[in-house]
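In what follows, a single structure is set out as structure tokens and then discussed.
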């Protein structure tokens, strides 16, 4: 109480021209010392590279010689490059197909786990495990074995009389689908977030709906889904951003080629090849900024669209 009274006295004296609060309590320079590593990190590892890449996007730079200003040449080359547009189409297909499937599976399992089954912590950990491993090189290599011509999928289908099947990752019509399945398989992270959101819905809503004769399906679409829309929106935005940045799966599954026939040439994979295989860092920087704009546009569109379907408590 004495400290509160002292602060009130200082505030009143400040109005009357008395000693100022900052003179009574001088700035603590120790806080700046503790923040200094973070400030240096964000300037040197985040803001610095961002500014540098923006400059390089307007230059001709091959990593071996100093960059030469070229204006909009990289962007003109990018928009006229058929391989660029193919990679963009592959990435958009991957995002549009894999993200809704992943969120649907995550929500379904979260609803199932929310029923209070025995061993819930164990199942929750098991289902979350793919999210920890899905982006690893080891799992991508395993995926090559599972969907190869002599892989587990063809061996399983052979038990039902289906033989002479192609290698799924080696066929241009199916290679992208195998990577989409890999992304859907990493449903653990959004599932845990859905589960946390389900636990925040009061039971009294379901009890009142049961008294009124509403079944489980009606309760889900009338209670669960509307109250869970903020969590769905959060997962949707995050997973779209992550999907646009996918790289490891396509790189390992395709052997770094983006094949067969560029069917798995993700935007990030083409960007990597232009930067570190072709040594065209200026063109790769322009591609990177194009990706930033696309992700920002998708995010802004989702925020605009959210006002039509996301429901908050207020």
Chain lengthening between residue 105 and residue 301 when straightened (0.36 nm per residue, less Cα-Cα):
68.2 nm
1/(1 + (r/R0)^6) with r = Cβ-Cβ of residue 112 and residue 257, R0 = 41 Å, i.e. FRET efficiency to nearest 0.05, evaluates to 0.55
Could you identify which residue out of 151, 44, 255 has the top mean-square fluctuation in a GNM of the chain using Cα springs shorter than 10 Å?
44
Starting from the Cα of residue 138, step 7 Å toward the Cβ, then list every residue of segment 234-274 with an amide N under 12 Å from that point.
none
Pairwise centroid distance, computed over Cα atoms, of segment 72-126 with segment 236-314, Å
11
Among 203, 262, 81, 173, which comes first, then next, by fewest other beta-carbon atoms within 10 Å?
203, 173, 81, 262
Grab the Cα-Cα distance for residue 173 and residue 72, subtract it from 0.36 nm times how many residues apart they are, and report the gain in nm with one decimal.
32.8 nm
The chain: relative contact order from alpha carbon pairs under 8 Å, six or more residues apart, as a whole percent, is 26
Restricting to Cα pairs below 8 Å that are 6+ residues apart, what does the relative contact order work out to for segment 188-281? Please round to a whole percent.
20
With the crude spin-label approximation of a point 7 Å out along Cα→Cβ, what separation in nm comes out for residue 279 versus residue 126?
5.2
When the chain is fully extended, how far beyond the present Cα-Cα distance does residue 222 get from residue 65, taking 0.36 nm per residue of separation?
50.3 nm
GNM of the chain, Cα pairs under 10 angstrom: of 105, 270, 72, the biggest fluctuation goes to 72
GNM flexibility winner over the chain from 187, 247, 290 (Cα, springs under 10 Å)
290
Which label marks the calculated value of Cα Rg over 2.2 N^0.38 Å, given the options [x] 1.05; [y] 1.36; [z] 0.94?
[y]
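Every read-out reported here was derived from the displayed coordinates using simple, explicitly stated rules and does not represent laboratory data. In this text, all values refer to a predicted model and were calculated from it rather than measured experimentally. In this analysis, Cβ positions are derived from the backbone assuming ideal geometry, glycine residues included, and neighbour counts consider all displayed protein chains.
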